Amino acid sequence: MDKEGLGLEITELRLGLPGGGTEKNEKKRVFSEISEEEENEKSNGPPELQSKSQVVGWPPVCSYRKKNSFGDKDGSKTSKFYVKVSMDGAPFLRKIDLALHKGYSDLVKALEKLFGEALRDAESCEFVPIYEDKDGDWMLAGDVPWEMFIESCKRLRIMKKADAKGFGVLQSRVALNGTLKE
Amino acid sequence: MNYFPDEVVEHVFDFITSHKDRNSVSLVCKSWYKIERYSRQRVFIGNCYSITPQRLIARFPGLKSLTLKGKPHFADFNLVPHDWGGFVDPWIKALAKSRIGLEELRLKRMVVSDDSLELLSKSFPNFKSLVLVSCDGFTTDGVAAIAANCRFLRELDLQENEVEDHRGHWLSCFPESCTSLVSLNFACLKGEINLASLERLVARSPNLKSLRLNRVVPLDTLQKLLMRAPQLVDLGIGSYVDDPSSEVFSKLKAVIQLCNSIRSLSGFLEVAPCCMSAIYPICENLTFLNLSYAPGLQGNDLTKLVQHCRKLQRLWILDCIGDKGLGVVASTCKELQELRVFPSDPFDAGNAAVTEEGLVLISAGCPKLNSLLYFCHQMTNAALITVAKNCTNFIRFRLCILDPVKADPVTNQPLDEGFGAIVRSNKSLKRLSLSGLLTDQVFLYIGMYAKKLEMLSIAFAGDSNKGMLYVLNGCKKLRKLEIRDCPFGDVALLEDMGKYETMRSLWMSSCEVTLGACKILAKKMSSLNVEIINESEQLEFSLDDRLLVDKMYLYRTLVGHRKDKPEYVLLL
């Protein structure tokens, strides 16, 4: 029954997804070609490997783990950038869509709206906006261009300046101090 | 046969607890069958379609604990369409109607609805334990029903489920009178919870031994919870982010010192590496450490932490620990039995985090190693042969080379010899997953040496039907065989049809099996369900027997065709 080598592959009938992906034999051949290329070009970053992510179910990492430990490297970048915002002293957190804002000043206005009451209630406190980036580090908001910021920001925190001893620079380019004081 | 009255025999059976042994006991004679079935309290059903709930209830009226598994394993990798099956609802409905006093339900890869959970919570007054692993179909409303209605709940363990989160109230549904909790794991839930409710719940649960938090529980809440529950044995940390110089952090450091019962640590779903030093005092006693969901930790952080974990028996970690880091594990964790190394970036080969070197170091340093799951970028035959020399106790050996058909990069050879060495020297091997470039030869070795093998996973391997035949003929204990993208076809499938009655299931996708062969198999073997999963919209099922089948799943069953199959599944 082995048809291999007789060139009959083209007459193979199969049930499967319409036009779905490469033929299985070709898949195997594609991979071995790429492996060979890898041998020859060890020093270059092989861009062909991108195509391997197209194979359904490979690598065999369960879908829950894929969704929860790789961030959004798996593609499917949505146009929404909802991040949590916490404020020291406020009883609960809020969420804000960064994609809706054009820049830092826009963001500040939105934050004021969200936490207006809490900000007013705080007694002569100054606030520093910090955010957690993709590496898990807490960064002062305002240093990097806005586009870079929304790409890497995972959550925001409006921190009391008083708590920031141990942090270096306290002057943020973002005019949060002025606008949010009392 | 019986020299003793039934009660005495039954008492003897009380000491026989493993499912296998109890099953064997029930086959000895009619009398033992009867005694065994009335005294059986725990039943394990590896495939929910192999039997009906009605027959289960009829045979074991004393049932207290039921374990059910639904979808095939490859469903984890999105190879099984969403609504294929595995519904728990008919089971819960049937049990609820009966007189069964269910106390414990453990489900894996099943579809669970909120209605099912609510019915469960209201039908069994002594219900104590719910464990859901890799399930889906429910929301936090269902979880709320369990919390609210199960008055003697001891265990609520949600592991890696896809749960729609309706935000927050479920935790507050535990009544004030609920003080029986021993284990609470909600790490997989995404939504907000009422932190104050959580604190109160922990405060009134003096028996709480296991607590796994989700991402939204911040560090200062963690500190308060640990104050209330210093007796914890198993802790899953949610968010672990703070300024190390803060007062909250100092409090946390202090309270962690008191938690000297903690043996198992996981989570760190959000983590600031600078805070990890607070954990070091409890590392000395840890036997299980799971950092595989903590992408915020780099190799250095992981290595520094592991150096404190001398008593570690099980380690789950991301590959950013690197070969060097695995070397540190090898020299520190002499009690290590199980190692799982997951890929931190499965699609980017540029950052080769772990290779064969790390595995060799581990094998040399950890003589008790018996269970391995290892994702790596490359493997060599020489390395596998060395591992096989160093480790002869493997029960589980799962190797995943991220490039599906990668040869030995040093010799350009397939990895047949390497895996051959593994099966030859590890005579107790029960589970094996292969990867890399492999020919029929590796299957010859497996058939020859892997005499205790129960589960085998194969992808992109082999040259011909011979490969599959070596396995089917040689592995007498085989229970589960799952194959994808291999050149195995009708000849292999049909050679020994009776074999499948000795197995739980066979999965074959993107192989060379025809519809005709599946029909022959289904016709000959009435004890098997042969399912063809066809997701293509265009094709009708009355087609040519010569058509190659994309996905076939067959399993033994006592109850024939299932009634709940979706349209795209053809039951032959």
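Just one of B:Leu291, B:Leu297, B:Leu302, B:Leu312 is touching a helix residue (DSSP H, G or I) at 6+ places or on another chain (Cβ under 8 Å), aliphatic (A, V, I, L, M), within 15 Å of B:Leu336 (Cβ to Cβ) and within 11 Å of chain A (Cβ to nearest Cβ); which is it? Quick ask: steps written out before the conclusion?
On the way: B:Leu297 fails: within 15 Å of B:Leu336 (Cβ to Cβ); B:Leu302 fails: within 11 Å of chain A (Cβ to nearest Cβ); B:Leu312 fails: within 11 Å of chain A (Cβ to nearest Cβ).
Every option except B:Leu291 fails the conditions.
Within 12 Å of another protein chain (Cβ to nearest Cβ), touching a helix residue (DSSP H, G or I) at 6+ places or on another chain (Cβ under 9 Å) and without any contact (Cβ under 8 Å) to a residue 12 or more places away in the chain, is that true of B:Asn465? In short, no.
Would you call B:Lys334 in a helix (DSSP H, G or I), away from every other protein chain (no Cβ under 11 Å) and surrounded by fewer than 21 Cβ atoms within 10 Å (Cβ to Cβ)? Don't jump to the end; show me each part of the working.
Details: in a helix (DSSP H, G or I): no; away from every other protein chain (no Cβ under 11 Å): yes; surrounded by fewer than 21 Cβ atoms within 10 Å (Cβ to Cβ): yes.
No, not satisfied.
One line per residue, one yes/no per condition, for (1) touching a strand residue (DSSP E or B) at 6+ places or on another chain (Cβ under 8 Å); (2) farther than 23 Å from B:Asn214 by Cα:
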site	(1), (2)
B:Arg99	no, yes
B:Glu103	yes, yes
B:Lys128	yes, no
B:Thr139	yes, no
B:Ala148	no, no
B:Phe152	no, yes
B:Asp157	yes, no
B:His166	yes, no
B:Cys178	no, no
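Among the residues of region B:297-311, write down those that are surrounded by fewer than 22 Cβ atoms within 10 Å (Cβ to Cβ) and not charged (D, E, K, R). B:Gln298, B:Gly299, B:Asn300, B:Thr303, B:Gln307, B:His308 - these are the residues of region B:297-311 that are surrounded by fewer than 22 Cβ atoms within 10 Å (Cβ to Cβ) and not charged (D, E, K, R).
Only residues that are part of a loop (DSSP other than H, G, I, E, B), of a type in the set (S, T, N, Q) and closer than 13 Å to B:Gly418 by Cα: list them for region B:367-398, please. So that I can check it myself, show each step before the final result.
Within region B:367-398, the subset part of a loop (DSSP other than H, G, I, E, B) is B:367-370, B:377-380, B:391-395.
Checking which are of a type in the set (S, T, N, Q) leaves us with B:370, B:378, B:380, B:392-393.
B:Gln378, B:Thr380, listed by residue number.
Filtering B:Leu571, B:Leu543, B:Leu558 for residues that are surrounded by fewer than 14 Cβ atoms within 10 Å (Cβ to Cβ) and touching a residue at least 60 places away in the same chain (Cβ under 8 Å) leaves a single hit, B:Leu558. Scan region B:343-368 for residues that are in contact with a Leu (Cβ under 6 Å, 6 or more places away or on another chain) and at pLDDT 95 or above and the total you get is 4.
Can you confirm whether region B:262-280 contains a residue that is acidic (Asp, Glu), within 13 Å of another protein chain (Cβ to nearest Cβ) and under 30 Å from A:Met159 (Cα atoms)? Yes, region B:262-280 contains a residue that is acidic (Asp, Glu), within 13 Å of another protein chain (Cβ to nearest Cβ) and under 30 Å from A:Met159 (Cα atoms). If the condition is being surrounded by fewer than 18 Cβ atoms within 10 Å (Cβ to Cβ) and either in contact with a helix residue (DSSP H, G or I) (Cβ under 6 Å, 6 or more places away or on another chain) or within 14 Å of B:Cys274 (Cα to Cα) (or both), then region B:230-254 contributes B:Pro230, B:Pro244, B:Ser245, B:Ser246, B:Val248, B:Ser250, B:Lys251, B:Lys253. The set of residues from region A:62-98 being among the hydroxyl-bearing types (Ser, Thr, Tyr), in a strand (DSSP E or B) and at pLDDT 85 or above comprises just one member, A:Ser86. Would you confirm whether any residue within region B:244-260 is more than 14 Å from chain A (Cβ to nearest Cβ) and assigned to a loop (DSSP other than H, G, I, E, B)? Yes, region B:244-260 has at least one match.
A quick yes/no check of all residues on (1) within 25 Å of B:Arg215 (Cβ to Cβ); (2) basic (Lys, Arg); (3) not in a strand (DSSP E or B):
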site: B:Ser266; (1), (2), (3): yes, no, no
site: B:Leu286; (1), (2), (3): yes, no, yes
site: B:Gly296; (1), (2), (3): yes, no, yes
site: B:Leu302; (1), (2), (3): yes, no, yes
site: B:Gly322; (1), (2), (3): no, no, yes
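Taking only region B:449-462 into account, find how many residues are facing chain A (nearest Cβ under 9 Å) and either charged (D, E, K, R) or touching a His at 6+ places or on another chain (Cβ under 8 Å) (or both). If you could, list the steps in order and put the result at the bottom.
Filtering region B:449-462 down to residues facing chain A (nearest Cβ under 9 Å) leaves B:457, B:459-460.
Adding the requirement that they be either charged (D, E, K, R) or touching a His at 6+ places or on another chain (Cβ under 8 Å) (or both) leaves B:457.
Residues that pass the stated criteria total 1.
With region B:431-515 as the region, which strands (runs of 3 or more DSSP E) entirely inside it contain at least 2 residues that are under 27 Å from B:Arg546 (Cβ atoms)? Write out each step before concluding.
On the way: elements: B:431-433, B:455-459, B:480-484, B:505-509.
Here the list reads B:455-459, B:480-484, B:505-509.
Name every residue in region B:436-460 that is in contact (Cβ under 8 Å) with a residue 40 or more places away in the chain and either touching a Phe, Trp or Tyr at 6+ places or on another chain (Cβ under 6 Å) or surrounded by 24 or more Cβ atoms within 10 Å (Cβ to Cβ) (or both), in order of residue number. It would help to see each step written out before you state the result.
Of region B:436-460, the ones in contact (Cβ under 8 Å) with a residue 40 or more places away in the chain are B:436, B:457, B:459-460.
Selection gives B:Gly436, B:Ala459, B:Phe460.
If you take the residues of region B:1-49 that are of a type in the set (Gly, Ala, Ser) and outside any helix (DSSP H, G or I), which of them is farthest from B:Lys565 (Cα to Cα)? Ranking the candidates gives B:Ser18 first.
Taken over region B:200-219, the criterion of being outside any loop (DSSP other than H, G, I, E, B) and surrounded by 17 or more Cβ atoms within 10 Å (Cβ to Cβ) is satisfied by B:Leu201, B:Val202, B:Ser210, B:Leu211, B:Arg212, B:Leu219. Scanning region A:106-124 finds one or more residues that are touching a helix residue (DSSP H, G or I) at 6+ places or on another chain (Cβ under 9 Å), over 17 Å from A:Met87 (Cα atoms) and modelled with pLDDT of 70 or more.
Among the residues of region A:135-158, are any in contact (Cβ under 8 Å) with a residue 24 or more places away in the chain and of a type in the set (S, T, N, Q)? No, region A:135-158 contains no residue that is in contact (Cβ under 8 Å) with a residue 24 or more places away in the chain and of a type in the set (S, T, N, Q).
Please enumerate the residues belonging to region B:269-290 that are within 13 Å of B:Ser239 (Cα to Cα) and without any contact (Cβ under 8 Å) to a residue 40 or more places away in the chain. Reasoning before the result, please.
Kept after step one, since they are within 13 Å of B:Ser239 (Cα to Cα), are these residues of region B:269-290: B:269-273, B:275-276.
Residues satisfying the conditions are B:Val271, B:Ala272, B:Pro273, B:Met276.
The values are calculated or read from the model by the stated rules, or taken from the named source; none is laboratory data. This one's a predicted model, so the numbers in the text were calculated from it and none came from an experiment. Note: ideal-geometry Cβ built from the backbone for every residue, glycine included; neighbour counts use all protein chains shown.
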